[in-house]
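The values are calculated or read from the model by the stated rules, or taken from the named source; none is laboratory data. This one's a predicted model, so the numbers in the text were calculated from it and none came from an experiment. All Cβ positions, glycine included, derive from the backbone under ideal geometry; neighbour counts span all protein chains shown. Note: accessible area is taken over every heavy atom of the protein model, side chains too, but ligands, DNA and RNA are not part of it. Shrake-Rupley method; radii C 1.70, N 1.55, O 1.52, S 1.80 Å.
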Amino acid sequence: MKRSWSYSEGQGLSLDRKPPGAAAPPPPPPPQSRGTSLSLASSDACPSPDRRRESPSESASSRETWPTERTGEEARRLPAEAATVAKSDGERERDKLLKEEDQHEHDHDHSTVVHQVVNMDRIQLRDIAQAPIEALASRFHAQPDEYLEELKAELREVLTGMGGPRQREEFVLLQKLVQARGDLSPASLMRSHRTQLELLVAIKTGIQAFLHPDICVTQSALVEVFFHTRCRNMACHVQIPVDDCSCEVCSAKTGFCSSCMCLLCGKFDFDVNTCRWVGCDSCSHWTHTDCAMRARQITTGTSSKKKKGGGAAAAPEMIFRCRACGGTSELLGWARDVFRACSSDWDINELVRELDSLRRIFHGSEDQNGKKLHEKAHESLERLRSGTDVSVVLKEIHRLFQETEVEEADDSSEDKKVVEPQEACSRIAEVVKEAVSKMESVAAEKVVDVKRARLSLESCDREVEDKRRELTELQIERQRKRQQIEELETIIRLKQAEAEMFQQRADEARRDADDLQRIALAKSEKVEEEYASRYLKLRLNEAEAERRYLFEKIKLQEMSRTQNDPAQMVTMCKIQYLLNRSSSKRDATAMETSAPTP
């Protein structure tokens, strides 16, 4: 069964099934809309053939899934074991892990990886792995955002494993603590803090992308990833099992996604348009070709298609045996489809990798076409290394594929000659019946499509008519608004003229007020001067009256003393004369000053 992928934002991955044929070619690449840790496809140069046989190509996301020291068998067995642990067994396992943790801390006092915060009020990574969800969620709400980012950065450092074996041991311990818990449920995780849930999912899956600040995944989707009901691949992210698959691998509920993960290693990558992925014709599950060769699932035999077709016995060919359904798919047609569909986009490095994969896949082929393809792949590799152009090599490869296709057609025609007439008629009837059923289904689908198209056209016509009415109303409203604007502009001009007039009047009133203020100030100064002169005159008269009173009093006293002394009388007479003279002069002066000025 050939399969193609189409990835859309919001709908995830859609599968388009096609009629059976050769083994399914690999899917086209999903779009990478974020320049973040989602760009996980391996971009290493082409390794040597011997090294590729020992170490299959895997992406950064695949390596993030489990610690590097864990074997593939342990990586597949650990989620299944964690899923079957009972609550009591989980509590005993947690106590055992806590004892191991204490012993580990005692042996390595200065080598702790995640306990970088000394403050007891702050959260540590082991608290996240073993503390109750509700109690820890309240502590998360009390922490500042800066510390939560530091906690994410700390876990990212642990997941990278750059700190050596101790960090890998710390990650294994955290993962065991999370998997051994029996108190986790979807309801409790939905009540947890967002950062708390992201850290739990990152610990369980080993993928750093869930900690990236630019990647937004809903809380419910994170819970589904944690409980293996949604694919952990951020570029796929579909509900699992895909299409409610009931095979042994999908029904184990270990987080396996048949759309993007390898059946054997359980890892995913973004290697597309390549021979490094092979799909099953029957169940559309995918496998790394390197993993299939190591597990001896790429071997010689007869494909399911030829078994059903019957005919004369043919030489064994290279086939792929699916682990999920047990079906077999021939690899020569699969390689032909891959090269025809994808080789135009390959550069020289990609072509070298694909030819090396073909050389290793068809290394043990026993049929003539497989041997020819193996020899042609080896020869093309040598020619590419010697400097031959890529287009020349591709033309020769396509020519070989055409020759093998013609030979297969000749073989099938020979097989048809020896078929019994009754069997041939039954086969023709089956083919016709199948074609008729397909045509009926296609016709029904076309009728539905026509009805939908007609309904869509009618709705579009109604929408266009509504838009036309809205446009007319908008034009009328626009004209009315233009008139209102003109009226408002006229009113504004009038108000501006009134404001200028009132401003002129205000300026004139201000000038009049200044003149009146200056006049009032001059008059007040003159009044003050008149008041001062009159006040001084009054005080002078009062002083003169007082002087006269004192003078009379002194005079009486002196007269009483000098009645018997003539000399004193003469002196007193002189003094009185002088005083009278000075008084007369003072009166004359006062009369002159008090006289009004003309």
Check: Given the conditions (1) open to solvent by 10 Å² or more (accessible area, probe 1.4 Å); (2) at pLDDT 90 or above; (3) within 36 Å of the chain's Cα centre (by Cα), which single one is not true for Arg294?
Finding: (3)
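Tell me, which residue of the stretch 371-393 that is touching a Phe, Trp or Tyr at 6+ places or on another chain (Cβ under 8 Å) and in contact (Cβ under 8 Å) with a residue 40 or more places away in the chain is farthest from Ile298 (Cα to Cα)?
Taking the candidates together, the pick is Val390.
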Checklist line | Among (1) surrounded by 20 or more Cβ atoms within 10 Å (Cβ to Cβ); (2) without any contact (Cβ under 8 Å) to a residue 24 or more places away in the chain, the one test that Trp334 misses | finding: (2)
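Among the residues of the stretch 198-206, is any within 17 Å of the chain's Cα centre (by Cα), open to solvent by 20 Å² or more (accessible area, probe 1.4 Å) and of a type outside the set (Asp, Glu)?
Taking the stretch 198-206 first, the residues within 17 Å of the chain's Cα centre (by Cα) are 198-199, 201-202.
Imposing the further condition that a residue be open to solvent by 20 Å² or more (accessible area, probe 1.4 Å) reduces the set to none.
No, every residue in the stretch 198-206 fails to be within 17 Å of the chain's Cα centre (by Cα), open to solvent by 20 Å² or more (accessible area, probe 1.4 Å) and of a type outside the set (Asp, Glu).
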Note to self: small (Gly, Ala, Ser) and either within 30 Å of Glu379 (Cα to Cα) or modelled with pLDDT of 80 or more (or both): is that true of Ala424 in this structure?
What the structure shows: no
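Step by step: first the residues of the stretch 354-390, then only those that are assigned to a helix (DSSP H, G or I) and of a type in the set (Ser, Thr, Tyr), then the one that is nearest to Asn273 (Cα to Cα). Which residue is that?
Within the stretch 354-390, the first condition is being assigned to a helix (DSSP H, G or I), and the residues that meet it are 354-361, 368-385, 390.
Adding the requirement that they be of a type in the set (Ser, Thr, Tyr) leaves 357, 380.
On the way: Ser357: 13, Ser380: 19 Å.
Checked the stretch 354-390; the qualifying residue nearest to Asn273 (Cα to Cα) is Ser357.
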Notebook entry, point to check: Restricting the stretch 136-149 to residues that are over 20 Å from the mean Cα position of the chain (by Cα) and part of a helix (DSSP H, G or I), which is farthest from Ser192 (Cα to Cα)?
Noted result: Ala142
Margin query: Tally up the residues in the stretch 150-173 that are of a type outside the set (Asp, Glu), open to solvent by less than 30 Å² (accessible area, probe 1.4 Å), over 21 Å from the mean Cα position of the chain (by Cα) and at pLDDT below 90, please.
Written below: 5
Note to self: So in the stretch 340-352, with the set limited to residues that are at pLDDT below 90 and either surrounded by 21 or more Cβ atoms within 10 Å (Cβ to Cβ) or of a type in the set (S, T, N, Q) (or both), which one is nearest to Val249 (Cα to Cα)?
What the structure shows: Ser343
Next item on the list: Return the residue satisfying two criteria in turn: it lies in the stretch 259-287 and is within 26 Å of the chain's Cα centre (by Cα) and farther than 19 Å from Asp244 by Cα, and of such residues it is surrounded by the fewest Cβ atoms within 10 Å (Cβ to Cβ).
Entry: Val272
Margin query: Quick check on this structure: which one of Leu355, Leu332 is in contact with a helix residue (DSSP H, G or I) (Cβ under 7 Å, 6 or more places away or on another chain), modelled with pLDDT under 90 and not hydroxyl-bearing (Ser, Thr, Tyr)?
Written below: Leu332
Notebook entry, point to check: Counting only residues that are farther than 20 Å from Arg581 by Cα, acidic (Asp, Glu) and open to solvent by less than 90 Å² (accessible area, probe 1.4 Å), how many does the stretch 513-557 have?
Noted result: 3
Check: How about the stretch 333-353: which of its residues are β-branched (Val, Ile, Thr) and farther than 12 Å from Thr274 by Cα?
Finding: Ile348
Check: What are the pairs, 6+ residues apart or on separate chains, where a residue within the stretch 348-370 that is of a type in the set (Lys, Arg) has its Cβ under 6 Å from a residue that is in a loop (DSSP other than H, G, I, E, B) and open to solvent by 10 Å² or more (accessible area, probe 1.4 Å)?
Finding: Arg353/Cys46
